[in-house]
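The values are calculated or read from the model by the stated rules, or taken from the named source; none is laboratory data. Source: prediction; values computed, not measured. Cβ placement follows ideal geometry from the backbone for every residue including glycine, while neighbour counts extend to all protein chains displayed. These accessible areas exclude ligands, DNA and RNA; they are computed on the full protein's heavy atoms, side chains included. Shrake-Rupley method; radii C 1.70, N 1.55, O 1.52, S 1.80 Å.
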Amino acid sequence: GTTGKRYRFNVVATDWVGNVQALNAANATAATLVVGSSMIAVQKADGTPVPAKTGTVALGKVINGKTQRKTLTIRNRGPLALTRLGATLSGATPKAFKIEGLAVASLASGASTTFTIVYQPLDVKTHAAVLRLTSSDIYQPSYDIILSGTGVAPLKPEIVVQQGTGANKNLKDNRSTR
């Protein structure tokens, strides 16, 4: 920033309901000015940020009927509480995904909470969904994250051992022991 320079400005803001509030020395003892910055932030378990709209969470290849889980953290970076916190799934194949553990409806300033995305494919194909987080954040009331995963067939066993009868009951390397 620039040091040694002074700037004068008047602030006209709206409250959370939309009422215009003029702030000046006569009616404000302290004001917090939040300019164009989202209060909500999401990150993966390793701390990697997940940006809204372009952020993706890839759950990888998963055998049909098995599950893969990824934990995400929601942080409130703003000066006010985030309220009306919620999550929904939509998109091409949202039924392959579930949201677990998002148990809070509000986050105090500076607070965080975690939740888990569960991917459980039931067919062999690529699945995609949009996770939409909603809140009272005036700059980012909906925060979309793209989810993806691929359902794969169970692996076939490499070796099948069958017990025969009599002299053929022990097999080694596809040859009988006779």
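With a cut-off of 8 Å between alpha carbons and a minimum separation of six or more residues, what is the relative contact order of region 68-146 in percent? Contact order relative to length: 38 percent.
Annotation for Ser106 and Tyr139: the two label points, set 7 Å from Cα along the Cα-Cβ direction, are 2.2 nm apart. Each residue was assigned an accessible area with a 1.4 Å probe, and for Thr54 the value is about 100 Å². Of the residues Asp144, Asp123, the one with the largest accessible area comes first in the ranking Asp123, Asp144, computed with a 1.4 Å probe on protein heavy atoms.
Can you tell me the length gained on complete extension of the stretch Thr126 to Thr56, counting 0.36 nm per residue apart and subtracting the Cα distance? In short, 23.7 nm is gained.
Excluding ligands, DNA and RNA, the accessible surface per residue across region 38-105 is 56 Å² with a 1.4 Å probe.
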